[in-house]
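Written below as structure tokens is the structure these notes are about.
The values are calculated or read from the model by the stated rules, or taken from the named source; none is laboratory data. Not measured: the values here are computed from a predicted model. Glycine gets a Cβ as well: all are built from the backbone with ideal geometry, and neighbour counts include every protein chain shown.
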């Protein structure tokens, strides 16, 4: 039996992203799964929730920390890699209410798929607001190098970077 052949896409597709009609839902599920896996690997008991305000609940038995995490996952096309992630101000109340119900600290899990790199940033809601100065109607969670350095300075920050290439990169 011969080995399966890799599917090769035309080079023109390598430079463009044509998102499917369900891409937002799929990206959100991916972001949640990535954070579930990463936190589990670090000793957290973590589960996915269907609760208004938060998507994940994580508990670390040794530190007794409980986190309520609202996950936002975005795919950035070439030219938009440095765009922030916008979160409506009314979502903060929902996140805080859900965390109160579970006696958890409110956190944001931001997952970005940028050109050949996937980043995950887990930061407290308080730190995200402090770094980005929440506006009246929304928060722009900025993802530039300066802001990421400020998130990383927080003792409860967790970050992850995955680099990848596609089959089409083999010809480059």
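What the table shows:
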| quantity | calculated |
| --- | --- |
| Test result for residue 67, at pLDDT 95 or above, more than 22 Å from residue 140 (Cα to Cα) and surrounded by 15 or more Cβ atoms within 10 Å (Cβ to Cβ) | no |
| Of all residues in segment 92-122 being out of contact with any strand residue (DSSP E or B) (no Cβ under 7 Å at 6 or more places or on another chain) and within 22 Å of residue 34 (Cα to Cα), the one that is surrounded by the most Cβ atoms within 10 Å (Cβ to Cβ) | 114 |
| Tally of residues being over 13 Å from residue 156 (Cβ atoms) and outside any loop (DSSP other than H, G, I, E, B) across segment 109-130 | 10 |
| Which listed residue is modelled with pLDDT of 95 or more, over 15 Å from residue 121 (Cα atoms), within 19 Å of the chain's Cα centre (by Cα) and not in a strand (DSSP E or B), from 40, 24 | 40 |
| Hey, residue 139 at pLDDT below 95, in contact with a helix residue (DSSP H, G or I) (Cβ under 6 Å, 6 or more places away or on another chain), within 20 Å of residue 28 (Cβ to Cβ) and in a strand (DSSP E or B) or not | yes |
